[in-house]
Amino acid sequence: MTIVLLGAPGAGKGTQCKHIVARYGLLHLSSGDILRRQRAEGTELGKKAQSDMDSGVLVSDDIIVEMMIEAIRRAPDIGFILDGFPRTVNQAVELDKSLASNRQDIDAVLNLKVDDRTVAERMTGRRSCPQCGAVYHIRNLRPKVDEICDNDGVKLVQRTDDSPEVVAHRLETYRQQTEPVVDYYKKTRVVYNIDANKDADEVSNSIFEKLNALAKV
Ligand code: AP5
């Protein structure tokens with residue numbers, strides 16, 4: 001199965017991808033996670049992406065398309081879920097071309113819909129582990145010991161782009177450049193809107209309902 005998961009910053013894409021992976025055994029390909037890994041490793045790509053990411057604007061299409069098409073090419077044959085890509089219409093067009101050239105297609109486009117107020121609350125409260133990437137929330141998903149990762153005991157950090165000013169900028173970028181991607185997919189595929197304001201397990205159940213129905217078709 002090939003799934004595209006769309007949604008505003010902080011809609012819960014990464015959280016839901018973990019649930020989907022646990023249930024269906026797909027590979028999670030997150031453009032944001034790949035970029036953060038490149039930054040942590042100090043690669044040329046990571047250095048190029050740094051200032052765009054920190055100010056809440058998109059990294060250039062050329063860089064992202066090459067990076068993600070390569071990640072898809074290297075993916076094992078178990079199906080995958082795309083998180084954070086495509087994020088512009090141009091990226092969506094390039095993804096379609098690349099999949100078509102390999103006789104692949106997208107099976108489901110899921111769109112997590114969330115209110116701006118929920119986004120702000122989720123992002124300013126998010127904490128993550130700089131070592132293993134685990135994601136927590138200061139109220140909704142607390143670690144066993146305050147500020148410490150359950151997996152490896154490392155002190156949790158706040159993402160540099162989760163400050164209120166950058167969150168506002170990321171939301172604006174989303175409206176201008178990523179919402180048109182939803183319209184692009186509506187022209188060629190069914191887009192499943194999911195109410196993502198609910199509790200994470202309820203959101204997962206809505207997603208599983210859609211995916212189970214698709215799997216039966
Ligand atoms: P990226 O990392 O993709 O950021 P994003 O899309 O803004 O998404 P987030 O990771 O912030 O949020 P999420 O929806 O995954 O939410 P999460 O599950 O963590 O991109 C970062 C940057 O990289 C971009 O700004 C850009 O510069 C660059 N970039 C990436 N891809 C690009 C592309 N294709 N093109 C160009 N540039 C690109 O949840 C958030 C918090 O809420 C967590 O604390 C979680 O525990 C909590 N939470 C989640 N769901 C719930 C729930 N249902 N109820 C309560 N709490 C919840």
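The values are calculated or read from the model by the stated rules, or taken from the named source; none is laboratory data. Every value quoted in this text rests on a predicted model; they were computed, and no experiment measured them. Heads up, the Cβs are rebuilt from the backbone with ideal geometry, glycines too, and the neighbour counts pull from every protein chain shown. Each accessible area value is taken on the protein alone, full model and side chains, heavy atoms only, with ligands, DNA and RNA left out. Shrake-Rupley method; radii C 1.70, N 1.55, O 1.52, S 1.80 Å.
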**Request:** Just name the residue that is farthest from Asp105 (Cα to Cα) out of those in segment 202-217 that are surrounded by fewer than 15 Cβ atoms within 10 Å (Cβ to Cβ) and free of Cβ contacts under 8 Å to residues at least 24 places away in the same chain.
**Result:** Glu202
**Message:** Could you check segment 1-32 and list, in sequence order, the residues that are within 11 Å of the ligand (Cβ to nearest atom) and basic (Lys, Arg)?
**Reply:** Lys13, Lys18
**Fill in**
Checked segment 163-178 for anything in a helix (DSSP H, G or I) and open to solvent by less than 60 Å² (accessible area, probe 1.4 Å); matches are Val166, Val167, Ala168, Arg170, Leu171, Thr173, Tyr174, Thr178
**Message:** For segment 58-85, give me the residue count where each residue is at pLDDT 95 or above and not in a helix (DSSP H, G or I).
**Reply:** 9
**Asked** Just for segment 33-55: of the residues that are more than 9 Å from the ligand (Cβ to nearest atom) and open to solvent by 70 Å² or more (accessible area, probe 1.4 Å), which one is nearest to Phe85 (Cα to Cα)?
**Response** Arg37
**Prompt:** If Asp146 passes every condition in (1) part of a loop (DSSP other than H, G, I, E, B); (2) in contact with a strand residue (DSSP E or B) (Cβ under 8 Å, 6 or more places away or on another chain) but one, which one does it miss?
**Reply:** (2)
**Request:** Tell me, yes or no, whether segment 42-52 has at least one residue that is modelled with pLDDT of 95 or more and more than 26 Å from Gln131 (Cα to Cα).
**Result:** no
**Subset of segment 56-96 that is near the ligand (Cβ under 8 Å from one of its atoms) and of a type in the set (Gly, Ala, Ser) - its residue that is most open to solvent (accessible area, probe 1.4 Å)** = Ser60
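Look at segment 28-57 and say how many of its residues are outside any helix (DSSP H, G or I), within 13 Å of the chain's Cα centre (by Cα) and farther than 17 Å from Met123 by Cβ. Lay out the reasoning, then the answer.
First pass over segment 28-57, keeping only residues outside any helix (DSSP H, G or I): 28-30, 42-43, 56-57.
Among the residues that remain, those that are also within 13 Å of the chain's Cα centre (by Cα) are: 28-30.
Imposing the further condition that a residue be farther than 17 Å from Met123 by Cβ reduces the set to 28-29.
Of the residues in that region, 2 qualify.
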